[in-house]
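I have placed the structure first, in the form of structure tokens, so that the comments after it can refer back to it.
The values are calculated or read from the model by the stated rules, or taken from the named source; none is laboratory data. Remember, it's a predicted structure, so these values are computed and weren't measured experimentally. Because the Cβ atoms are built from the backbone with ideal geometry, glycine has one as well, and the counts that use them run over all protein chains shown.
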Amino acid sequence: MKISINKNELQSALQKLFKAIPNRSTLPILSCVLFQSRKNEIVLRSTDLEITIIINVPASIEREGSSAIPIQKLIDITSELPEGRITIEVNDQYKVKLITELGVYNLMGKSVEEFPAVPETDEKKPLAIKAEILNEIIKSTSFVISQDDLKPALTGLYLKIEKKKLTTVATDGHRLVRYVVSDYVTKEFTGEVIIPRKFLNLLSALLVDNDKTQLWVSANHATATSNGVKILTRIIDERYPDYESVIPKDNEKILVVNKERFLGAVRRTSIFSNKMTHQISITLDKDKILIKTEDPETASMGQEEMSGEFSGEPLTIGYNANYLKDILSHINDENIVIKLNTPISSTLFNGETTEKNREITMLLMPIRLND
């Protein structure tokens, strides 16, 4: 194989492809990017066996072929080179020669036969979600997707696609976000699917243009394309937990509070919380809110008092301050409506105003306060 390619275009592609390179792997081939020549372009591919990224880059093809080349060295050298073109030449022994105006650099590639094949994605069905809506869903839900690989169903975003309704849910067992689009209409894919967290993170970087981003779902994979970049992922083949049963229907104690004032109080007070439990207490009584934390181990304490509109019997409830800050910071409204019941019942958080045909519900489980 012998090709000539623009340095900036190659560098940009490599930076995207690197997102699918595993940090650790028993398969050395996964640290490589696959080059495949095709007419007037080169097809680049990287994978960690769960995520596959494919990018087409314009190139001058002098001798067709393919090669697996270590991506880290390619990224390092393209970062140090000025603008211009790079000639990449690979012989039958997988020896790679990078020829530039400044010098020649040699490294060893690997056999193409070792590189994993592209996953089969037959019977594609379009997932008709506008990029703008999907981007908002990802921003509103992905922060509560679980990092615990022992609970694989929770490590992705659950989508329930109906002909006239879209419901998405994410949870880590402590927090839950449900985002419902009630004016969603589709004649294509309907059903349930769990899309992995890593795919969503990559997807959010692609969602720049409604007309150029497309999604598909097949039997075992989801695919996204945008501006010459294709991302494939395995769908999480697990049963999602019954999230409806954990969303309370009888939280009749209502607190309406200014978001920035409340969030600021939680942030400041939580500085003095125990570094293991991050425990913070909220005491509600008529128009008074007391946010407080104590850490006997370090003899530290913090508290703030603020006003708010509270209806219901007085209540003291405890939370993990980090979880509470996450929930509050992801509500895009001036005021927050908080619905409570008992000190051991889950709490619901919403913005005071709601966008038409959108319903976002955030849930946080309390923690038992130490005496």
Tell me, yes or no, whether region 349-367 has at least one residue that is in a strand (DSSP E or B), of a type in the set (S, T, N, Q), buried (at least 18 other Cβ atoms within 10 Å of the Cβ) and not assigned by TED's automatic domain parsing to the domain that holds THR168.
no
Take the conditions part of a loop (DSSP other than H, G, I, E, B), in contact (Cβ under 8 Å) with a residue 12 or more places away in the chain and within 30 Å of GLU188 (Cα to Cα) and apply them to PRO248. Does it pass?
no
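Could you list, in sequence order, the residues of region 275-298 that are out of contact with any Ser or Thr (no Cβ under 8 Å at 6 or more places or on another chain) and either closer than 20 Å to PRO314 by Cα or buried (at least 18 other Cβ atoms within 10 Å of the Cβ) (or both)?
First pass over region 275-298, keeping only residues out of contact with any Ser or Thr (no Cβ under 8 Å at 6 or more places or on another chain): 275-277, 285-286, 296-298.
Once the filter is applied, which keeps residues that are out of contact with any Ser or Thr (no Cβ under 8 Å at 6 or more places or on another chain) and either closer than 20 Å to PRO314 by Cα or buried (at least 18 other Cβ atoms within 10 Å of the Cβ) (or both), region 275-298 yields ASP285, LYS286.
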Qualifying positions in region 146-158 - surrounded by 23 or more Cβ atoms within 10 Å (Cβ to Cβ) and hydrophobic (A, V, I, L, M, F, W, C)
LEU154, LEU157
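Can you tell me which residue is nearest to GLY84 (Cα to Cα) among those in region 17-59 that are among the small types (Gly, Ala, Ser) and either at pLDDT 95 or above or in the same structural domain as HIS221 (by TED's automatic domain parsing) (or both)? Spell out the reasoning first.
Within region 17-59, the first condition is being among the small types (Gly, Ala, Ser), and the residues that meet it are 20, 25, 31, 37, 46, 59.
The next check asks that each one be either at pLDDT 95 or above or in the same structural domain as HIS221 (by TED's automatic domain parsing) (or both); those that pass are 31, 46, 59.
Numbers: SER31: 26, SER46: 24, ALA59: 13 Å.
Top of the filtered list is ALA59.
Taking the condition buried (at least 18 other Cβ atoms within 10 Å of the Cβ) and either outside the structural domain of GLU50 (by TED's automatic domain parsing) or at pLDDT 95 or above (or both), does LEU207 pass?
Working: buried (at least 18 other Cβ atoms within 10 Å of the Cβ): yes; either outside the structural domain of GLU50 (by TED's automatic domain parsing) or at pLDDT 95 or above (or both): yes.
Yes; evaluated as a whole, the condition is true for this residue.
Scan region 274-313 for residues that are basic (Lys, Arg) and free of Cβ contacts under 8 Å to residues at least 24 places away in the same chain and jot them down.
Initial filter on region 274-313 (basic (Lys, Arg)): 275, 286, 288, 292.
LYS275, LYS288, LYS292, listed by residue number.
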Count of region 170-184 residues which are more than 16 Å from the chain's Cα centre (by Cα) and assigned to a loop (DSSP other than H, G, I, E, B)
5
Can TYR319 be described as under 30 Å from LYS187 (Cα atoms), modelled with pLDDT of 95 or more and surrounded by 13 or more Cβ atoms within 10 Å (Cβ to Cβ)?
no
Among the listed residues LEU34, LEU81, which satisfies the condition of being in contact (Cβ under 8 Å) with a residue 12 or more places away in the chain and buried (at least 21 other Cβ atoms within 10 Å of the Cβ)?
LEU34
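Those residues that are more than 15 Å from ILE360 (Cα to Cα) and modelled with pLDDT of 95 or more, I need them from region 132-150; list them, please.
Narrowing region 132-150 to residues more than 15 Å from ILE360 (Cα to Cα): 132, 145-150.
ILE145, SER146, listed by residue number.
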Taking LYS253 as meeting all but one of (1) under 19 Å from ILE331 (Cα atoms); (2) touching an Asp or Glu at 6+ places or on another chain (Cβ under 9 Å), write down the number of the exception.
(1)
For region 72-92, the count of residues that are of a type in the set (A, V, I, L, M, F, W, C) and in contact with a helix residue (DSSP H, G or I) (Cβ under 6 Å, 6 or more places away or on another chain) equals 4
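In region 137-168, which residue that is of a type in the set (Val, Ile, Thr) and in contact with a helix residue (DSSP H, G or I) (Cβ under 8 Å, 6 or more places away or on another chain) is nearest to LYS125 (Cα to Cα)? Explain how you work it out, then say what you get.
Residues of region 137-168 that are of a type in the set (Val, Ile, Thr), as a first pass: 137-138, 141, 144-145, 155, 161, 167-168.
So of that shortlist, the ones also in contact with a helix residue (DSSP H, G or I) (Cβ under 8 Å, 6 or more places away or on another chain) come out as 138, 144-145, 155, 168.
Values: ILE138: 21, VAL144: 28, ILE145: 25, THR155: 23, THR168: 18 Å.
Step by step, filter region 137-168, then rank; the result is THR168.
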